[in-house]
Structure formats: structure tokens, C-alpha cells
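Following: one structure in C-alpha cells, then a few remarks.
Readers should treat all values here as calculations from the given coordinates under stated rules, not as data from a laboratory. Everything quoted here is computed from the prediction, not taken from an experiment. Ideal geometry is used to build each Cβ from the backbone, glycine not excepted, and the neighbour counts take in all protein chains shown.
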Amino acid sequence: MQEDDLGALVGYRLKEAQSVLRSRMDETLRGLGLSTPQYICLELLSRQPGASNSDLARGAFVTRQTMNTLLHGLQRRGLIERAEQAVAGRALPTQLTVSGQQLLDLADEKVQQIERRTVSLLDHEQAKALHDALSLCIEALSEPDD
């Protein structure tokens, strides 16, 4: 395969889009003192208060160890609260503080601008088709191999 054929591969284009999106998010969120994984963690907690470290790690596409480090940093900044003791098992339920929610609200505005820019060259039908096609790709890759 020649170098210029790489762009014809769907997986390569997906990775390229993900890389550009991540760079834009990192640039934008840096001004708020957040990384993209920290933002995703705050967003997940706003939707699922009390989520476990494992659930947050899966949702943010990071390891449990990375999420644990990330949570400690957010806790030191007063953006989240973690229970001192687990209600059941070993998981320490985590939730946003008022400060965490306020910062998330600011970050959401900026991330929504990036989201709109991402699909700005598409019409409504194309944006929906892209979303649907990506969902089908995820579904196909999530199925076990035969």
C-alpha cells in the first residue's frame, strides 16, 4: 500500500478525526484548567452521580489507574466529592460539587462549539447519517468474532 492510500482507509480517517477533535478539545479546555479526560469525567458524573471508578474509566476511555489519579486531582481542586467509605463493595461513590458543576457548565459551552464546528460542513441529513453510520461501526466492532 502506498502512503497516499492510507487516507482511503476508514479506520485511518476515524483516527485522524479523533486526533483533530481531541486536539481542539484539549486546546479549548486548557483555558479552564481541564484536560479532555477530566472534562469527560465531570460530564459522566453529571449524568450518573455516584458512578464507580470503573464505570468512569470505561466512559472516559482510560484505565482504572488513570481514572483514580484523575479523580484525586479533581477532588483536590474541590470539583468532586468522594465518599470516605464504600456503601457496598469497594467502590467509592463520586459526585460533582457546586464548583464542579459550574466549571462543567462553562466547559460544556465550549465543547458544544467544537461539536457544532465538527459538523458545520454537513447538512442536517448528513450529520444524522454520520452519527448513524458511526453507531453501526461501533456495533459491528463490538460484536464478538466468529
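Considering only Cα atoms, the convex hull volume of the stretch 16-146 works out to 140 Å³ per residue.
Mean residue ellipticity, 222 nm, helices only, the chain: the sum of -39500 (n - 2.57) across DSSP H runs of n ≥ 4, divided by residue count and rounded to 500, is -21500 deg cm²/dmol.
Counted residue by residue at 0.36 nm each, then reduced by the alpha carbon distance between them, the extension gain from His124 to Asp108 reaches 3.6 nm. Listed values for the stretch 61-74 are Karplus-derived 3J(HN,Hα) couplings in whole Hz (6.51 cos²θ - 1.76 cosθ + 1.60, θ = phi - 60°), namely 6, 10, 6, 5, 5, 5, 5, 4, 4, 4, 5, 4, x, 5, and x replaces Gly and Pro. Between Arg30 and Glu81, the FRET efficiency estimated from the beta carbon spacing at R0 = 35 angstrom works out to 0.90.
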